[in-house]
Amino acid sequence: MNTSLLREQQFHDKIFQDHSRAQAAKFYSTTQSSRHFYESLLLADCRNKSVLEYGCDEGSYAYLLAEYGATVTGIDISNIGIENAEREREREIWAC
């Protein structure tokens with residue numbers, strides 16, 4: 001892996017490991033209406049579609065899209081992000 005990609009991976013690993021992204025959550029409240037509009041567009045026509053989600057950890061739409069009938073594949077540059085997504089998937093499976 002080249003140096004730039006390695007730095008990017010390490011950056012995201014750190015953020016997902018120490019949950020430092022959560023500190024910025026309060027700043028996203030101003031985008032709620034845009035986020036709801038975006039979600040309605042995503043969910044309106046996702047049944048029986050294949051979806052690739054790049055960046056599948058925090059803020060993922062993968063589980064919501066799957067609930068609405070999409071087949072979702074999630075990828076992330078961060079190994080920790082992938083591990084977190086896999087744990088979340090297991091929680092989702094056992095919650096049903």
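Within the set [x] 14.7, 42; [y] 14.7, 52; [z] 12.0, 36, the number that Rg and Dmax of the Cα atoms in Å takes when calculated for this structure is listed as [x]. Multiply the residue separation of Leu43 and Ser29 by 0.36 nm, subtract the distance between their alpha-carbon atoms, and state the gained length in nm to one decimal. The span from Leu43 to Ser29 would gain 2.9 nm if fully extended. For Asp13, the solvent-accessible surface with a 1.4 Å probe is about 30 Å², rounded to the nearest 10.
Helix 3-18: angle to the longest alpha-carbon principal axis of the chain, degrees 0 to 90, nearest 10? Here the helix axis deviates by roughly 70 degrees. Estimated from helical segments only, the mean residue ellipticity of the chain at 222 nm is -17000 deg cm²/dmol, where each DSSP H run of four or more residues counts as -39500 (n - 2.57).
The values are calculated or read from the model by the stated rules, or taken from the named source; none is laboratory data. Quick caveat, the model's predicted, so the values are computed rather than measured. We work out accessible area using only protein heavy atoms, side chains counted, and drop any ligands, DNA or RNA first. Shrake-Rupley method; radii C 1.70, N 1.55, O 1.52, S 1.80 Å.
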